[in-house]
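Below: the structure, in structure tokens.
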Amino acid sequence: MSLTRSHHRATRVVIDTSAYRHNLERVRSLVPNAKVMAVIKADGYGHGMEVTADALVSADEFGVTDLDDVERLRQHGVDKPLNLLSSRFSAQELMTFSERNLRPVFYDFSQFGLLKELPSNANLDLWLKVDTGMGRLGLSVEDAHVIFDSLVDNPAVRSVSAMTHLANADNPNHPGNRRQLAQFAEFIEGHAFQDISLLNSAGTVAFSEHAYDFVRPGLMLYGISPQQNSSADQLALKPVMTFKSELISVKHLPAGSPIGYGSTYTLDTDSRIGVIAAGYGDGYPRHAPSGTPVLVNDLLVPLIGRVSMDLIAVELGELPAEVGDEVVLWGANNPIENIAEMADTISYELTCGITQRVERIII
Ligand SMILES: *Cc1c(COP(=O)(O)O)cnc(C)c1O
């Protein structure tokens, strides 16, 4: 008996690198005059940061979280400009940013003190983030106006760019969007910013006329719809990730049989159930309720009973299926957006939640 296969479990994610390129082209067609800062934080939204960076080599720049991401990407040979979206750093680190092709986001007063410690040849390029209504990172518009003048006077600072983030772009009719767009437009007027950036994926879809210099898409590059009311298909996006497993048991059970922990579901009629080698230990959401679709041999069947750590059950009825058949937990023909909605979460959380033991196959 050989135990040389690295993964015996059939549960795996398949990463389709051609889908990344397709989705990047979609972004470019929506905002042809803007540069694209592809956001690949959180291990490329759970898809793998290095594979994402390789596939999106024609993006203009990357957006990452912090210096840990920078180390990984540079180690991998990525030399593109990297923008640090929510990072803390020291004055020593900041001094090296221009030669390392890094552009930090300044979002809190505590960061500006570091600028006094920089030598005048630091050549720092930075983003100034203003909070126009997200209520998270960023200076108030009033404070940012004041800081801007001191930044321009600082010889260590080579350029200042402006950024803000929309809180409700996934719901374009939300009145907060218009307020944020207007406040940002007013803020940037009258200052000589190097670059201006406002839109994430949802904003790029809904407000492409406000693309400015840089858009910052993440989710849509992975082929997932950023809009509450549109599918990836409708937006001509192709899912990069397919989460697959297989049937490891198929059996008949009589009407009235309880299924899974807590016996939360009982069969209405005599039926066939399939048991699949995937559970919350792989990143399938534990809160997916009975009825959540699973694709078995090209047909959607309902999840039944609670999600276990290693297993889920589906009702197969008369569907021809046997042990070893492949199932798609999400991906093409079983959109992740639907799974997320059923499980009362968002697609971002699902892709980020794929666990270590799941094999990743890159095609
Ligand atoms: C994560 C992030 C993005 C990308 O958001 P998506 O919704 O995935 O497109 C853009 N801008 C900032 C500042 C972010 O943190």
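The values are calculated or read from the model by the stated rules, or taken from the named source; none is laboratory data. Bear in mind that the values here come from a model prediction, so they are computed numbers and not experimental data. All Cβ positions, even for glycine, are placed from backbone atoms using ideal geometry, and neighbour counts span all protein chains on display. Note: areas computed on protein heavy atoms with side chains; ligands, DNA, RNA excluded. Shrake-Rupley method; radii C 1.70, N 1.55, O 1.52, S 1.80 Å.
Could you tell me what % of all Cα pairs in the stretch 110-188 have separations over 16 Å? Let's see the in-between values first.
Values: 1653 of 3081 pairs.
Across the stretch 110-188, Cα pairs with separations above 16 Å total 54 percent.
Taking a label point 7 Å from the Cα of VAL152 along the Cα→Cβ vector, which residues of the stretch 88-131 have an amide N closer than 15 Å to it?
128
Please say if the stretch 204-363 is rounded, prolate or oblate, where rounded means a/c under 1.5 for a ≥ b ≥ c the square roots of the C-alpha gyration tensor eigenvalues, and otherwise the choice is prolate for a/b larger than b/c and oblate otherwise?
prolate
When ligands, DNA and RNA are left out and all protein chains stay put, how many square angstrom of accessible area per residue does the stretch 53-177 have with a 1.4 Å probe?
So the stretch 53-177 comes to 45 Å² accessible per residue, rounded to a whole number.
About its Cα centre, how strong a charge dipole does the stretch 1-94 have in debye, to the nearest 20, once Lys and Arg get +1 and Asp and Glu get -1 at the Cβ?
Computed about the Cα centre, the dipole is about 380 debye.
Calculate the all-directions average of the projected area of the stretch 9-100's alpha-carbon convex hull, and give it in nm².
Projected over every direction and averaged, the Cα hull of the stretch 9-100 covers 7.4 nm².
Can you tell me which of 194-201, 22-29 comes out highest on packing, and rank the rest after it, using the mean Cβ neighbours within 10 Å? Write down the numbers at each step before the final one.
Working: 194-201: 22.8, 22-29: 18.0.
Output ranking for 194-201, 22-29: 194-201, 22-29.
Using alpha carbon coordinates only, what is the Rg to Rh ratio of the chain, with Rh defined as the Kirkwood radius?
With Rg and the Kirkwood Rh in hand, the quotient comes to 1.06.
Distance between Cα centroids, the stretch 55-133 to the stretch 218-291: provide it in whole Å.
Computed from Cα coordinates, the inter-centre distance equals 39 Å.
For the stretch 172-271, report the translational diffusion coefficient in µm²/s to the nearest whole number, using Stokes-Einstein at 4 °C, 1.567 mPa s, and a Kirkwood Rh over Cα pairs.
72
Give me the dipole magnitude in Debye, nearest 20, for the chain about the Cα centre, with unit charges on the beta carbon: positive for Lys and Arg, negative for Asp and Glu.
Once rounded to the nearest 20, the dipole reads 380 debye.
With every protein chain kept in place and ligands, DNA and RNA left out, what is the accessible area per residue of the stretch 186-317? Probe 1.4 Å, answer in Å². Intermediate values should be presented prior to the final figure.
Numbers: 5380 Å² over 132 residues.
Averaged over the residues of the stretch 186-317, the accessible area is 41 Å².
Kindly state, to the nearest 0.05, the FRET efficiency for GLU209 paired with SER58, given R0 = 22 Å and r defined as their beta-carbon distance.
Numbers: r = 24 Å, r/R0 = 1.08.
Step by step, r from the Cβ atoms, then E = 0.40.
Would you list MET163, MET134 from the most to the least accessible area, probe 1.4 Å?
MET134, MET163
Which residue, ASN171, ASN33, ASN83, has the most motion in a Gaussian network model of the chain that connects Cα atoms within less than 10 Å?
ASN33
Given the Cα-Cα distance of GLN183 and GLU341 and 0.36 nm per residue of separation, how much length would full extension add, in nm?
53.7 nm
Points 7 angstrom from Cα along the Cβ direction at SER110 and THR269: gap in nanometres?
6.2
Take the solvent-accessible surface of the protein heavy atoms, probe 1.4 Å, and return the percent of it on the stretch 149-222 that carbon and sulfur atoms account for. Let's see the in-between values first.
Details: 1270 of 2920 Å².
So the carbon and sulfur contribution to the accessible surface is 44 percent.
Over every pair of different alpha-carbon atoms in the stretch 13-60, take the mean of 1/r and invert it; report that Kirkwood radius in Å.
When all Cα pairs of the stretch 13-60 are included, the Kirkwood radius is 11.1 Å.
Determine the share of the stretch 1-134's accessible area contributed by carbon and sulfur atoms, expressed in whole percent, with a 1.4 angstrom probe.
Heavy-atom surface of the stretch 1-134 belonging to carbon and sulfur, 1.4 Å probe: 48 percent.
Taking a label point 7 Å from the Cα of MET134 along the Cα→Cβ vector, which residues of the stretch 39-59 have an amide N closer than 20 Å to it?
39-46
Compute the label zone of SER90 within the stretch 35-73: residues whose backbone N is under 17 Å from the point 7 Å along Cα-to-Cβ.
Under 17 Å, as judged by backbone N against the label point of SER90, lie 67-68, 71 of the stretch 35-73.
Just to check I understand the Karplus step: with θ = phi - 60° and J = 6.51 cos²θ - 1.76 cosθ + 1.60, what whole-Hz values come out for the stretch 282-292, glycine and proline as x?
Each residue of the stretch 282-292 in turn: 9, x, 6, x, 5, 8, 4, x, 3, x, 4 Hz.
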